[in-house]
1. Where the only charges are on Cβ atoms (+1 Lys, Arg; -1 Asp, Glu), what is the dipole of the protein assembly as shown about its Cα centre, to the nearest 20 debye?
2. Which value in nm describes the separation of the simple spin-label points at B:ALA187 and A:ARG99, placed 7 Å from the Cα toward the beta carbon?
3. Only four residue types carry charge here, +1 at the Cβ of Lys and Arg and -1 at the Cβ of Asp and Glu. Report the dipole size of chain B about the Cα centre in Debye, rounded to the nearest 20.
4. Given points 7 Å out from each Cα along the Cα-Cβ axis, report the B:SER180 to A:ALA36 separation in nanometres with one decimal.
5. Working out 0.36 nm times the residue gap between B:GLN70 and B:ARG353, then minus their Cα-Cα distance, what length gain in nm do you get to one decimal?
6. Would you kindly derive the ³J(HN,Hα) couplings of the stretch B:319-333 from the backbone phi angles with the Karplus curve 6.51 cos²θ - 1.76 cosθ + 1.60 (θ = phi - 60°), listing them in order in whole Hz, with x for Gly and Pro?
7. Pop out the ³J(HN,Hα) list for the stretch B:259-272 in order, Karplus 6.51 cos²θ - 1.76 cosθ + 1.60 with θ = phi - 60°, rounded to Hz; leave Gly and Pro as x.
8. At a 10 Å Cβ-Cβ cut-off, how would you order B:MET146, B:MET189, B:MET20, B:MET296, fewest neighbours first?
Amino acid sequence: MHAIADGLFTDETPPRLIGGRDRATGRIVFPCPDSADYEAVLLSSDGTLWSYTVQRFRPKTPPYAGPEAFAPWVVAYVELPGQVIVEARLVDVALEDVRIGMPVRFKPVPLDPGAADSAVIPAYAPAGDTA
Amino acid sequence: MSDVCIVGIGIHPFGRTDGMSGVEQGVIAVRQALADAGIGWPQVQFAYGSSDAAGNPDTMIDRLGLTGVQFINVRNGCAAGGSALFSAQMAIKSGEFDIGLAVGFDKHPRGAFNALPSEYNLPDWYGEVGQMVTTQFFAAKIMRYMHLFGISRETLGRVAEKAFRNGSRAPHAWRRQPVSIEEILEAPMISDPYSKYMFCSPGEGGVALILASEKKARELGKPLIRLKAATMRTRPPHSFEVFAPSVDVVEDDSGPRPTASQIASADAFRLAGIGPGDIAVAQLQDTEAGAEIMHMAENGFCANGDQEQWLAEGRTEIDGALPVNTDGGCLACGEPIGASGLRQVYENAVQLRGDGGDRQVPGNPKTAYSHVYGAPGVSAVTILER
């Protein structure tokens, strides 16, 4: 298992997402830009769902590098309080149960669950009893 | 300062025209606009041309005539057409020229736009995970807006239903068959909450506008359609845009995020010296049904959340208090990027001249508004007066 790109999240357990803090303004963005103007900052693992949609068709390849087989997935915008809102997948939830405001936790998943050597991508899953 | 006037309009029907290039569709629109203005190509002193995917607009001089005319190509995302018009207006306002052309055309392959991360200064992984998809952003933006302001999915359906009904009355529209709201709501989903009828498709088409100084317009004897304002603006801080891996957190997040459209709109109203309540007909960017809803508020025509009632009461129908997208907008016409913003201005000129036929706004409208929005957070607005 390997991250789809370097510098996206840590390899500790559990992993944490890595943002970038603008040294001049304090503004946090994701991913961390490859620039001396930004310093890497660890992002909170817990957040709430800010908005979402469901991707209902297989995106064009390139650039999409996922498996040929397609199942709809949730595209989430997750608010990490006081830091930044990040775009990632939301997993382990029925499509009809997704609600804005629900608590979620960082949980990277394989891009291709059927492949042993799949790249791992940023994702969130419902947190706590609301799952 | 005297006004810049629109003295000639031309359009090549939107949709799919197999076997005809985008440039050729632009040429057809230009010839129509020249005939409408009652002038020949040699009288055109300058041109601005916009195309995103169908080649360099200035190549059309091969077909129109090698007069040595100044011809500048414009590429500015979804605001390309608006930017061409803005530039043409400035050329006349500066006093340098008396009469010129703004032309836009495009011809996109079938299916959704296929953007690559490198074109938007984004890392490759963003596309590899399947997030380089414009529809995701538009859906997520309306999903939060519906949550904040109580807009129902049925209201999104009403917007699409109106678009196809209006499009059926517009000769230049692509989708010319009305679709029932039931069919719209129950159609296959593309990106929740949007079904396939709630998104426009990339397409083809061409639009040409001849602009002239007021003095020149009077000489030509054309009805004076005055371009009272043309603005193009970029995004403010904390906005939520297409292809955004992250969005700023803000202290008070109970309203919609600020947008380029709000800035372009406010500046256009300031320049024209009128307000949203003075507008008789509006063309608002409706690349998806929810965009029209949100743009009604972003352009100052109603408060956030009022759209639910406006649509239920039919206030944006052709015979309503503020007709919106009288030719069916992008939903019925499709979106050839380079031409789309100019189509809105074409439609407004048709309405102000009273030439709308089955889709004519009643009551002899005197003011018309157009608005486009696009990646990565650009907007262009025009206000016309007769």
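1. The dipole of the protein assembly as shown has a size of about 1580 debye.
2. According to this spin-label approximation, the distance is 3.1 nm.
3. 1060
4. Label at B:SER180, label at A:ALA36, 6.7 nm between them.
5. Extra length from B:GLN70 to B:ARG353 when fully extended: 98.9 nm.
6. 9, x, 5, 9, x, 10, 6, 6, 9, x, x, 5, 4, 9, 9
7. Result, rounded to whole Hz: 9, 4, 4, 4, 5, 4, 5, 4, 5, 5, 5, 4, 5, 7.
8. So the ranking, lowest neighbour count to highest, is B:MET20, B:MET189, B:MET146, B:MET296.
A short reminder: the numbers here are calculations on the coordinates, not readings from a lab. The structure presented is a predicted model; accordingly, all values stated were derived computationally and were not measured. Here Cβ is always computed from backbone atoms with ideal geometry, including for glycine, and neighbour counts include all displayed protein chains.
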